[in-house]
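Quick notes on the structure that follows.
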Amino acid sequence: MEKFERSWQIMRASWDVLRKDKEILVFPVFSGVALILIMASFAVPVFALGGIDTVQRIARHNGTVGNLVVLFAFYFINYFVVIFFNTAIVACATIRMRGGNPTVGDGLQASSARVFEIAGWALVSASVGMVLRMIEERSKFVGRIVAGLLGMAWGITSYLVIPILVNERKGPMEAFRESARLLKKTWGEELIGGFSFGLVFFVLSLPAILLIAGGAASGKGFLALGFVALAAIYIVTLSVLQAALQGIFQAALYQYAKKGETPRGFDREILTEAITPRAFG
């Protein structure tokens, strides 16, 4: 409950920034549309080749290396798109926190100016994602636990990479080392997240589950379809908000870690407790 309350306070503070710059919401929408198009670009050949059975036969023929190359390409493209638009969100939030009035053009310009750094970080992220996937597939139970723990550590350590790319124009690995250094300097060793946007948005997504259940209980085709459509719209809206609010918070946390400044609208105590030392024993 303490973690949920802290997450809610962080979300509200990020929301205050978003209300002043609603155009930030455009970037998660762009990202989502681009990811759908990417998914379609991989799915269309599957149907063109005669379905999943044909593709599986081709995959067995290509062998492990060929399959890994295709999978890595999919990971890389997806990571690049997400990071590109997250960079735009963080750039706009940073401008607002410095007293400016950002536009969509400002965000896109910031991302475009850092396209090589973004590509480098997407390459690193895709590589880590592939390694975690392979660990998970080694053993469904143990592998999932190990991959989850490693993924959590990676997520926390790299949390400030995108704000560093925006503000300092460092290369991907240099930005990662700087992220780890800032986190260690500000919050100490053995860190864990003291907040979770996912937790808050999971609770907020419960009405969508009720809508789907209502549609299923109605037993009527068009009515059920209407309930499912409303649930889908609701979930998409929440996803857009989550991406925007998380990017804003990353910008705020970077400003606090780098300069010791509390961005307007954020509480210093919340930022201090956002990441906490891991407790042992």
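Consider residue 96 carefully, then state whether it is of a type outside the set (Phe, Trp, Tyr), without any contact (Cβ under 8 Å) to a residue 40 or more places away in the chain and in a helix (DSSP H, G or I).
no
So is residue 271 under 30 Å from residue 166 (Cα atoms) and of a type in the set (A, V, I, L, M, F, W, C) or not?
Numbers: under 30 Å from residue 166 (Cα atoms): yes; of a type in the set (A, V, I, L, M, F, W, C): yes.
Taking the combined requirement at face value, the residue satisfies it.
What do you reckon, is residue 26 out of contact with any Lys or Arg (no Cβ under 7 Å at 6 or more places or on another chain) and at pLDDT below 75? Give the derivation first.
Values: out of contact with any Lys or Arg (no Cβ under 7 Å at 6 or more places or on another chain): yes; at pLDDT below 75: no.
So residue 26 does not fit the description; no.
Are there any helices (runs of 4 or more DSSP H) wholly within segment 106-225 with 2 or more residues that are at pLDDT below 90, among the basic types (Lys, Arg) and over 21 Å from the mean Cα position of the chain (by Cα), and if so which?
It comes to 172-187.
The values are calculated or read from the model by the stated rules, or taken from the named source; none is laboratory data. Owing to the predicted nature of the structure, the values given are computational and were not obtained by experimental measurement. Glycine gets a Cβ as well: all are built from the backbone with ideal geometry, and neighbour counts include every protein chain shown.
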